[in-house]
Amino acid sequence: MDLFETIKDLQEANQLLAMVQNEPQKVCDEYWIDIDDIYSVEEELIERINALEDKDIKWFCESKLKQVNYSNSRIEWIKSEIERLQKLQETEEKHLEKAKRSIDWIMKTTWTEKLETALNNLSYRKSESVSILDENSIPAEYWKVKEVRTIDKIKIKEDIKSWLDVIGASIETKQNLQIK
């Protein structure tokens, strides 16, 4: 029996068990079972469900849990590798800036405006930038204001739970798998 057949059998067994527990007379009428035998039918269904869960469902979940654990360890390794590479990048950026400062220092010290080498051509170009000395003294006309609108989901949830009608929103209940 493949996994999909097992799942289908398990669903059918669970549905029948729910019927046996909630509507025993209906089950007796539909399947021609004596009402005195309904409890043995219930026990057989529970045994069947447990056997399916223990054998096939447990095996499937365990195989997927192996994938989960493997992926979790790979993710941790990747995170540590990212950290290592970021530190390596930072080190290289520091070397780069130090080399540029050294080139700049020697060129300025020797009053060299242009230099052609076998590797690159070096020269200076003029640029302008605004330097802010005191933000508080800058007039309002030079300020840009960004307006950011966000939805306050916490307030919406509180209001809905307080029986207030919030148009365009509702509380959605989810089942989140926990793996411990």
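We did not get these values from a lab; they are worked out from the coordinates using the rules stated. As the structure is a prediction and not an experimental result, all values here were calculated from the model. Here Cβ is always computed from backbone atoms with ideal geometry, including for glycine, and neighbour counts include all displayed protein chains.
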Measure nothing fancy, just the Cα-based angle from helix 3-22's long axis to the longest principal axis of the chain, in degrees from 0 to 90, nearest 10.
50 degrees
State, to one decimal in nm, how far the label point of LYS58 lies from the label point of SER102, with both points 7 Å from Cα in the Cβ direction.
6.7 nm
If amide hydrogens are placed 1.01 Å from N in the peptide plane, which non-local residues have theirs closer than 5 Å to the one on VAL166?
none
Can you give me the long-range amide H partners of LEU122? Hydrogens built in the peptide plane at 1.01 Å from N, cutoff under 5 Å, separation of 5 or more residues or another chain.
LEU115, GLU116, THR117
Helix 38-52: inclination vs the chain longest Cα principal axis, degrees, rounded to 10, gives 30 degrees
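For the range 125-180, what ratio Rg/Rh do Cα atoms give with a Kirkwood hydrodynamic radius?
Dividing the radius of gyration by the Kirkwood radius yields 1.37.
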What number, rounded to the nearest 500 deg cm²/dmol, is the helix-based mean residue ellipticity at 222 nm of the chain, given -39500 (n - 2.57) per DSSP H run of at least four residues and division by all its residues?
-20000 deg cm²/dmol
Could you list, in their original order, any pairs among LYS8/LYS64; LYS126/LYS146; LYS87/LYS153; LYS8/LYS66; LYS100/LYS126 whose Cα atoms are separated by more than 26 Å?
LYS126/LYS146; LYS87/LYS153
Largest-first ellipsoid semi-axes for the range 46-109, taking √(5λ) over the Cα gyration tensor eigenvalues, angstrom:
60, 5, 5
To the nearest µm²/s, what D does Stokes-Einstein give for the range 7-90 at 25 °C and 0.890 mPa s, using the Kirkwood radius over alpha carbon pairs as Rh?
149 µm²/s
Determine which aspartates and glutamates satisfy two conditions relative to LYS98: a Cα distance under 13 Å, and not lying fewer than 8 residues away in the same chain.
GLU90
Rounded to whole Å, give me the distance from the Cα center of the range 111-131 to that of the range 137-160.
44 Å
Once you compute Rg and the Kirkwood Rh from C-alpha atoms, what is the Rg to Rh ratio for the chain?
1.34
Full extension between GLU47 and LYS155 adds, at 0.36 nm per residue less the Cα distance, a length in nm of 34.1 nm
Quick one: among LYS126, LYS100, LYS108, which has the greatest mean-square fluctuation in a GNM of the chain with alpha-carbon springs under 10 angstrom?
LYS126
Most mobile of SER123, SER170, SER71 in a GNM of the chain (Cα contacts under 10 Å)
SER170
